[in-house]
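J.: Got a structure for you, questions after.
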Amino acid sequence: MSKVNYYLKGVPKECFLDKLKKENRKLYSKELLLERPVVLSVAHQGKREIISTGKSIPLRYWDKVAKRIKNLLDTPAVVTKNGEWLDAKKLELEKHLQVAQSEYRPIDKYDLYELVNRGVRTRNEINSLSEVLKLFFINHKTSKGVSLKKNTLKKYTSLINHMTSFQGDNQFIPQRYSTLWVKNFKEFLMFKVRLNDNTVCKYIIALKTFFSHLKLSSIIIPATLSEIKVSETEQIVNILKKDELSILENIELNNSNEKVRDVFLFQCYTGARYSDIYIAKKQDIYSTNGIKVWDYIDEKTGSKIKAPISNRADKILQKYIDLPTPLPRITNQAMNRELKKIAKLAELDRLIKLVSYNDNIKKESTYFLYEKISTHMARKTFISLTLQSGIQERMVRTISNHKDERSFKKYINLDNTHLVAVAEVWNNMGKK
C-alpha cells in the first residue's frame, strides 16, 4: 500500500507553542506567520522517501491533522494557490503509485523528484496519447471495481502503440477520432499490420472502451461507437488425445525435460492457466472433505478458483515435494520451446489444422502436432477430455473459469462423444 503525506519542516513542539502563546503573544504570532518548507513523505513498497516540494506555508494556515492548507476566510490568495497545487500533486502522485503497484514496478527517489518537480497538468494541457493512457490506467476500473490486470494493461499499451503508428505521431487531438478514423484504423490493423480478424476485434473493442471512458470524462470524441461493429470468428481447438497424453506420461526423458513434461501434465490435469501454475504456492494446496484441492486466485481475471487435485496431479506434486514451490518454475517461453522438442521426440506427429481470418477471408494451415504444442494446449486438453468423460459443462466451467459461454462452447463439439451419449440414452429408453 502506497501513502503520500505532507509535513511542515521545522515546526516547534506543541508544548513550546502553548507556552509561547501564554507568555509572549507577539513572538507567538511571529512563529505562526513564519513560512516553513512543505516536505513530501512517500511510502511505497516498504520504503519511505522525503522530498522537498519547493513550497512554503505559514504555520497559521496549516492543518497538521489533515496535513493540508486550512480553508480560512483570511487565507491569502498565494497560500490558497499553493494549497491547490499541493492537493493536485498529492492526487497525481497517489494515482501514479497505484499504477506502479499494479504493474509491480518499483519507484525510486529520482522518479519521485521528477514527478514532484514537473508541473501539475490540467486536462487541457494533456496533449499526447501516452499521457491520456496513463490517466485511463489510473481511473478505469473493471466491472468489479478493481484496477486493470497486468495483461490488460499490456493490451492497452499495444493499442496506443498501434494508434501512434497509424497516426504518424503521439498527439492526442480528440476531434480527429471520428467514425471514419476508426474504420481506417481497423483496415490499418488488418492490411498493414496483418493482424487476424480476432486480434483486430480485440483491439477495436479495447478502443471502444477507451473512447467511452474519455466521453465519461467529458472529452468529446466525435466517433459514433455504436456504428463500429466487430465480431470474433470461431477457431479450431486443438488438444492432446488420450493416447497422446499417455505417450507423454510414459516417455523416458532427461532431468530438465522431465520437469517440463511434468509441469505440462499437471496443467493438463488441473486446467489452470500457465500464469497461475507459475506462481502457485504450497499453502494454497490442501485437503478438504477427503479430497485434495488447489485454492487460488486466477491472475488473469482475479476470480477465486478451487481445482481438484487428482491422483495423477498429486503424484507429480509429491515428486517435487522438496522444492519451496509446488512445481519447478520454468518460464513460459522455455516451456513452449522445450515442449515442442519433447513432443517431436515422442513422435506426436498427428496433422492438425490452424485457421485464421483476415478481412473475413479464411486461411487454413496444416502442421504436425509437435510444431504447435504449447502450455495453452494443456488447458484446452483438460477442458475437452473432462467434457468427453461426461462431466457436466457447468462443473467444468467452474474450474476453467470461463465466464463467456460462447468462448467455452467451442470445446464441446470436438468429437462425436456427445452424439454417442445422447443416442445411447434414447436407444436404451424404455429398456429394462
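The values are calculated or read from the model by the stated rules, or taken from the named source; none is laboratory data. Remember, it's a predicted structure, so these values are computed and weren't measured experimentally. Don't worry about glycine lacking a Cβ; one is built from the backbone with ideal geometry, like all the others, and counts go over all protein chains shown. Heavy atoms of the whole protein, side chains included, go into the accessibility calculation; ligands, DNA and RNA do not. Shrake-Rupley method; radii C 1.70, N 1.55, O 1.52, S 1.80 Å.
J.: Just to be sure I understand the filter: pairs with C-beta atoms under 6 Å, separated by 6 or more residues or on different chains, first member in region 15-40 and more than 26 Å from ILE51 (Cβ to Cβ) and free of Cβ contacts under 8 Å to residues at least 40 places away in the same chain, second member open to solvent by 60 Å² or more (accessible area, probe 1.4 Å) and not in a strand (DSSP E or B). Which pairs pass?
T.: What qualifies is LEU20/LEU27; TYR28/LYS21.
J.: Open to solvent by 70 Å² or more (accessible area, probe 1.4 Å) and closer than 21 Å to MET377 by Cβ: does that describe LYS300?
T.: yes
J.: Looking only at region 1-26, count every residue that is over 30 Å from VAL99 (Cβ atoms), exposed (fewer than 11 other Cβ atoms within 10 Å of the Cβ) and of a type outside the set (Lys, Arg) and tell me the total.
T.: 4
J.: What number of residues in region 69-97 are within 34 Å of the chain's Cα centre (by Cα) and open to solvent by 70 Å² or more (accessible area, probe 1.4 Å)?
T.: 3
J.: Please determine, by comparing only the residues of region 282-307 that are of a type in the set (A, V, I, L, M) and within 24 Å of GLN318 (Cβ to Cβ), which one is farthest from the chain's Cα centre (by Cα).
T.: Checking each candidate, the answer is ILE291.
J.: Filter region 123-156 for residues that are open to solvent by less than 70 Å² (accessible area, probe 1.4 Å), in a loop (DSSP other than H, G, I, E, B) and within 17 Å of LEU216 (Cα to Cα); which is modelled with the lowest pLDDT?
T.: Only one residue tops the list, namely GLY145.
J.: Something else about it: Can you name every residue in region 31-68 that is surrounded by 14 or more Cβ atoms within 10 Å (Cβ to Cβ), within 28 Å of PRO106 (Cβ to Cβ) and not polar (S, T, N, Q)?
T.: Across region 31-68, the qualifying residues are PRO37, VAL38, VAL39, LEU40, VAL42, ALA43, HIS44, GLU49, ILE51, LYS55, LYS67, ARG68.
J.: So which residues in region 269-297 are in a loop (DSSP other than H, G, I, E, B) and open to solvent by less than 40 Å² (accessible area, probe 1.4 Å), if there are any at all?
T.: Within region 269-297, GLY271, ALA272, ALA280 meet the criteria.
J.: Identify all residues within region 169-189 that are hydrophobic (A, V, I, L, M, F, W, C) and part of a helix (DSSP H, G or I); write none if there are none.
T.: LEU180, TRP181, VAL182, PHE185, PHE188, LEU189
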